[in-house]
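The values are calculated or read from the model by the stated rules, or taken from the named source; none is laboratory data. Computed from a prediction, not measured in an experiment: that's the story for all the values here. Virtual Cβ from ideal backbone geometry, glycine too; neighbours counted across all protein chains shown. Ligands, DNA and RNA are stripped out before the accessible areas are found, and what is left, the full protein with its side chains, is counted by its heavy atoms. Shrake-Rupley method; radii C 1.70, N 1.55, O 1.52, S 1.80 Å.
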Amino acid sequence: MTTKTPNSSNSDAALAGGHEATTASRRDFLTMAAGGMCALGAGVALVPFVDSMNPAADTLAAASIEVDISKVQPGQGMTVSWRGKPVFIRRRTPEEIAEAEKASLADLKDPQADKDRVQKPEWLVLIGICTHLGCVPLGTKATETRGEYQGWFCPCHGSAYDTSGRIRQGPAPTNLEVPPYNFVSDTVIKIG
Amino acid sequence: MSAPNAPQKPGLIGWLDYRLPIFGFMNKELRQYPTPKNLSYAWNFGSLAGIILLIMILSGLFLAMNYTPSTDKAFDSVERIMRDVNFGWLLRYIHANGASAFFVVVYLHMARGLYYGSYKSPRELLWIIGVAILLLMMATAFMGYVLPWGQMSYWGATVITNLFSAIPVVGDDIVTWLWGGFSVDNPTLNRFFVLHYLLPFVILGVAFLHMIALHTHGSNNPTGLDAKKEDKIPFHPYYTIKDLFGLGVFLVLFALFVFYVPNYLGHPDNYTPANPLVTPAHIVPEWYFLPFYAILRAVPDKLGGVMLMFGSIALLAALPWLDRHPVRSGRYRPLFKKFFWLFVVNALALGWAGGKPAEGHYLLIGRLCTAYYFIHMLVVLPLLSKFEKPSPLPTSIAAAS
């Protein structure tokens, strides 16, 4: 019978039945199994540390806010803070609504019809954070530049949004996000 | 280190060294360490960077004693350091300008390595450890800039953390995890403070590895030739004195900034407290990030820009395998030399473009320079490795002078 080195594969060792070879392969198995369990254990032990960096319970307790929108005139907008983020509320003029509705979906980078982005066409509610790298776009105040598409313009890297808050130009990949909200009455909306 | 079996030397140091060979180690690595005799002043920046790291740790330690990492107190605590804490203004200006000085020195250190081929075999790992130090420095500097909680702090933190949202599928979850919330807020500030305190000590450790790797094969030199025994001199006193002289020159320049134009490299916007509802009209990172910022903005695609930016640093780490020309030093590579200076001018132009608004000519220049950065790394260097004919090499360092 040929001599087997401890490095022989498991099946060879089993066939040979040599005492030394068998011991070595069992030992290899035990070493690998123990090593694998150690790695798994270390990975599991890491979970609480990594997860402790996720939003805490008090941060998650998402406060919803009620906003009085009775003072906003057509063509005007307001900004409120929700979950530490700015939320834009704009009362659109009939021209702005028409502009938003007539845009062809084929021209849009992130195609979405205007009616899917509003509950009442007059009121547009958006999270005021540019989907590129998180700046607050200009355009809610009438004195600010609104960009080429008359919606919002991000001063950081030049993304332009239309009157439905959809991305039309620049590096942002998606439309301004619509937060969850509902109309409590004709003049009060609840965000969150 | 002295040999483990060497007999105990007389005296207290001998007694200590027999048990813990720290003095023997220092003697070998900082005094006797054989160094090529022809090093120019371009070789000053390594030890200088080490000294600046110590200055940063020391000034940061004392700043931390008076800083409060909480969103409603951070800005005021920094103003208190500036106005009420004894010499607080000096500590803060040393620390803020020290960050800039650190990057100046490290960029010069890298440029020296690039020109003289210090990244080539057998120093590839030494170079890669250096790139790791650069990445750690960038993370540390970024998080330090967030701590004063001014407008630039806040929006810088927002934009940079949002870079990770470009990662497909898990990007948004990663950003939420980084923030510990749904925007940059108190949990973010707290963890940035903790990490800003921790990372410099990590840098110190990695810098130690950098030094071990350096001392294994010794310093490169302006000729790029392997230094023979007779071409080497002990580090002390020859290079201790040269490094000290360089430190003196550096400190004079540094003091000019700290005492006369301490805010020249800063942004006035950062003296306005952070406001999560208003982004400043023109946000730019600190000057040392501008070339990378220009690369980020060069592509009109979020993921593409982020990948190019991180790719530009990854390519630095791959340099030993992109430039495989057998001759190390740019001194004997007439073509490489020209491209090297083009690369330097290009990097400066990238920095310039990164500081301008992303529109019109600025954007075009930023794009052209970004293109050249990658062409230099991926096309020029490999082609030169194959086809460039070097000028005649001297037979030794002694024969070169």
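Quick notes
- Filter pass, B:Leu364 being over 29 Å from B:Tyr116 (Cβ atoms) and either acidic (Asp, Glu) or away from chain A (no Cβ under 12 Å) (or both): yes
- Selection count, region B:376-401, where residues are open to solvent by 80 Å² or more (accessible area, probe 1.4 Å), closer than 18 Å to B:Arg333 by Cβ and assigned to a helix (DSSP H, G or I): 3
- Members of region B:348-369 that are under 26 Å from A:Ser159 (Cα atoms), under 20 Å from the mean Cα position of the chain (by Cα) and part of a helix (DSSP H, G or I): B:Ala349, B:Leu350, B:Gly351, B:Trp352, B:Gly354
- Scanning region B:25-46 for residues that are surrounded by fewer than 19 Cβ atoms within 10 Å (Cβ to Cβ) and in a helix (DSSP H, G or I) yields B:Phe25, B:Met26, B:Asn27, B:Lys28, B:Glu29, B:Leu30, B:Arg31, B:Gln32, B:Tyr41, B:Ala42.
- Looking across B:Ile128, B:Ile160, one residue alone is open to solvent by 40 Å² or more (accessible area, probe 1.4 Å), β-branched (Val, Ile, Thr) and at pLDDT below 95. It is B:Ile160.
- Test: residue in region B:100-110 that is outside any loop (DSSP other than H, G, I, E, B), among the small types (Gly, Ala, Ser) and within 14 Å of chain A (Cβ to nearest Cβ): no
- Residue satisfying all of: in region A:146-185; open to solvent by 70 Å² or more (accessible area, probe 1.4 Å), without any contact (Cβ under 8 Å) to a residue 40 or more places away in the chain and assigned to a loop (DSSP other than H, G, I, E, B); nearest to A:Pro94 (Cα to Cα) among these: A:Tyr149
- Only one entry in B:Gly304, B:Gly355 is farther than 19 Å from B:Tyr107 by Cβ, within 14 Å of chain A (Cβ to nearest Cβ) and either open to solvent by 70 Å² or more (accessible area, probe 1.4 Å) or out of contact with any Pro (no Cβ under 7 Å at 6 or more places or on another chain) (or both), namely B:Gly304.
- Within region A:25-75, the set of residues being without any contact (Cβ under 8 Å) to a residue 40 or more places away in the chain, over 16 Å from B:Gly181 (Cβ atoms) and surrounded by 12 or more Cβ atoms within 10 Å (Cβ to Cβ) comprises A:Ser25, A:Arg26, A:Asp28, A:Val72.
- Test: residue in region A:123-142 that is in contact with a helix residue (DSSP H, G or I) (Cβ under 9 Å, 6 or more places away or on another chain), more than 11 Å from every other protein chain (Cβ to nearest Cβ), assigned to a loop (DSSP other than H, G, I, E, B) and open to solvent by less than 70 Å² (accessible area, probe 1.4 Å): no
- Taken together, the residues in region B:104-125 that are among the aliphatic types (A, V, I, L, M) and either open to solvent by less than 30 Å² (accessible area, probe 1.4 Å) or closer than 22 Å to B:Leu335 by Cβ (or both) amount to 5.
- Qualifying positions in region A:43-80 - within 11 Å of chain B (Cβ to nearest Cβ) and charged (D, E, K, R): A:Asp51, A:Asp58
- In this structure, B:Pro222 does not satisfy being surrounded by fewer than 18 Cβ atoms within 10 Å (Cβ to Cβ) and over 28 Å from B:Ala64 (Cα atoms).
- Odd one out for A:Gln112 among (1) more than 10 Å from chain B (Cβ to nearest Cβ); (2) within 20 Å of B:Val159 (Cα to Cα): (2)
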